Amino acid sequence: MADVDLRLTEFTPQLPPKRQTQWMRTWFGTPGNTVITLVCAGALLMLGRLAIDWLLVNAIFAGTPADCKSGSGACWPFLATKLRYMLFGFYPYEEQRRPLLALILFMAGALVSMLPWLWGRALLGAWCLVLMPTLYILMAGGAFGLPPVPTSQWGGLPLSFLLSFVGLACALPLGILLALSRISELPVIRILAVGFIEIVRGVPLISILFMATVMLPLFMPEGVTIDKLLRAQVAIIIFAAAYIAEIVRGGLQDIPRGQSEAGSALGLHYWLVMYKIVLPQAMKKVIPPLVSLFIGFFQDTTLVTIVGLLDFLDTVRSAMRDPAWQGIAVLEGYLFAAAVYFTFSALMGSYSRFLERYFKTTHD
């Protein structure tokens, strides 16, 4: 009887699976997913239509604050009127061509530096000996007939780039050194590195900026002062170095110990093994978290307002507090700031993915 039941089971025709519409199965999957997708698409279309009406259809492209107050759309005359202030802050109006030229030179240098086949000592020397002194002379003046401009008048987008990119460029080698110190076999070096990293990571950036502004002058000799821009820059370097150290340490721990042992067997000393063998592999592995950290610090430069500096977002906020435009163009200013931050953050993210593909195809 069991054999008969088995044969009957084998020859029992199977029911055809429940059919779905071909396009539904291809694009959405289940009927439930189809309903959710269509509802979300409808909501996005409705929001998109409202945004287009506000941004373009009902927007005011020319006029006065009174015209914007009576309108129901975006007030683009606010951006046209306050654009130079939002970009350059309190930098003298008649000298604003200088920070504009500095921005152009910096971006051109950054684009050239993104090409891996140009990396080397020549590029580093060009940045340290040519480009950075040129940018400083353009911003500060006092040479080649340029009127001097104190750092207290620097602001806007050039200040954001200066604090973030210069700070991170200086923090990267310090962070690598701290990471190597933390995994060192020398107890004193390791304990000092661990203490520094944990103390810095245990407090927010705003507290370090506050200490650099308020506490540091108390320890200086009478009559000696440090420029507040330099103080903010040093605080950002110290804070970023502690986080970079932990990221790099994670990459170093992922490298097999046999790599360093093989280098030692070839007669290479410790620093040459790290420079030639271990660090290149570790840095390749930590590109995504490093770029995420760089994006975060580029956006966190807004905290320097505590030391009396106005970065890009602070100049946008200051422009919105103008009595003539106060309460009229609020969303427009924040949208402009968001667009600028998103553009540069997206570019850094795209470059991170390019580096991952480049190292994967050329160094694996």
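Things worth noting here:
- Inside region 253-295, residues that are open to solvent by 40 Å² or more (accessible area, probe 1.4 Å), among the aliphatic types (A, V, I, L, M) and in a helix (DSSP H, G or I) make up a count of 4.
- Subset of region 228-252 that is small (Gly, Ala, Ser) and surrounded by 17 or more Cβ atoms within 10 Å (Cβ to Cβ) - its residue that is farthest from the chain's Cα centre (by Cα): Gly251
- Candidate set: region 306-317, residues that are at pLDDT 80 or above and assigned to a helix (DSSP H, G or I); chosen: the one most open to solvent (accessible area, probe 1.4 Å): Arg317
- Region 80-113, subset open to solvent by less than 70 Å² (accessible area, probe 1.4 Å) and among the aromatic types (Phe, Trp, Tyr), residue farthest from Ser345 (Cα to Cα): Tyr91
- Annotation: Phe210 fulfils all but one of (1) open to solvent by less than 60 Å² (accessible area, probe 1.4 Å); (2) touching a helix residue (DSSP H, G or I) at 6+ places or on another chain (Cβ under 8 Å); the unmet one is (1).
- Test: residue in region 209-224 that is in contact with a Gly (Cβ under 7 Å, 6 or more places away or on another chain) and of a type outside the set (A, V, I, L, M): no
- Entirely in region 97-161, the helices (runs of 4 or more DSSP H) that have 2 or more residues that are out of contact with any Ser or Thr (no Cβ under 6 Å at 6 or more places or on another chain) and more than 22 Å from Ala232 (Cβ to Cβ): 97-113, 121-126
- Within region 225-277, being free of Cβ contacts under 8 Å to residues at least 60 places away in the same chain, of a type in the set (A, V, I, L, M) and farther than 30 Å from Val304 by Cα holds for Ile255, Ala262, Ala265, Leu266, Leu268, Leu272, Val273, Ile277.
The values are calculated or read from the model by the stated rules, or taken from the named source; none is laboratory data. As the structure is a computational prediction, the values presented were derived from the model and not from experiment. Heads up, the Cβs are rebuilt from the backbone with ideal geometry, glycines too, and the neighbour counts pull from every protein chain shown. Remember, those area values only see protein heavy atoms, side chains included, never the ligands or the DNA or RNA. Shrake-Rupley method; radii C 1.70, N 1.55, O 1.52, S 1.80 Å.
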